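We did not get these values from a lab; they are worked out from the coordinates using the rules stated. Note that the coordinates shown come from a computational prediction; the quantities given were computed from them, not determined experimentally. Ideal geometry is used to build each Cβ from the backbone, glycine not excepted, and the neighbour counts take in all protein chains shown.
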Amino acid sequence: MSIVLLIILVVIVVVLVIYAIATYNGLVRKRNDTEEAYRQIDVQLKRRYDLIPNLLEGVKKYFRQEQEVLTQVTQARSQAMQPQSPGQQAQSEARLSGAIGNLFAVAENYPDLKSDRVMLDFQEELSSTENKISFSRQHYNDSVGEYNTRIQSFPAVIFSRMMGFTEREYFEAVGPERESVTVSYD
């Protein structure tokens, strides 16, 4: 009878070890997916950061009195390019988006600039990039949701804390990005 009990105990230990290994590997896979999704946001943000100097160069000749607007965009871009947590990055991106929005609002006062081919091309490229950033953020947040759910779910929660898996921060919209868009048909 003791040999049967020993065999049962060995089987239970083997099953627990196999489960712990499978859980660990699954959590590593989810964590890596989340990190890759964040890197995709980074790729799209770099693309936007690279577009901004071209925009500023294109509008300088029109903006003789608007140096403050150009300075705001430049400073917001520099701050957004610094390494940050997802929450801080979202705040920096909101400031940059606001500065670019101000730039476009001021550009409305310059009819020659509004019809400039470079400006129109830039606006189209920026719009495309903003869509890609939005998609990348959504993918990242989906990955974070799956990862956080996995490490918080029973029985993985038992192993996840012991193995050093911690929750990830969402990339949440802040400031103007959270506000509703108002459309007016005057």
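Brief remarks follow.
- Residue order, fewest to most surrounding Cβ atoms within 10 angstrom, among 161, 117, 31: 117, 161, 31
- Computed over region 39-92, Kirkwood Rh from alpha-carbon pairs, angstrom: 12.2 Å
- Using alpha-carbon coordinates, inclination of helix 2-60 to the longest axis of the chain, degrees: 10 degrees
- Under 12 Å from residue 61, Cα to Cα: aspartates and glutamates that are on another chain or at least 8 residues apart: 112, 116
- The chain: angle of helix 67-80 to the longest principal axis, Cα-based, in degrees nearest 10: 10 degrees
- DSSP-assigned coil residues among GluC sites (Glu not before Pro) in region 66-158, each with at most 16 further Cβ atoms within 10 Å: 108
- Cα-based Kirkwood hydrodynamic radius, region 78-140, one decimal, Å: 13.2 Å
- Approximate spin-label separation residue 157-residue 123, in nm, with each point projected 7 Å along Cα-to-Cβ: 5.1 nm
- Volume per residue for region 36-172 equals 91 cubic angstrom (convex hull of Cα atoms).
- Cα-based helix-to-principal-axis angle, 86-107 vs the chain, degrees rounded to 10: 20 degrees
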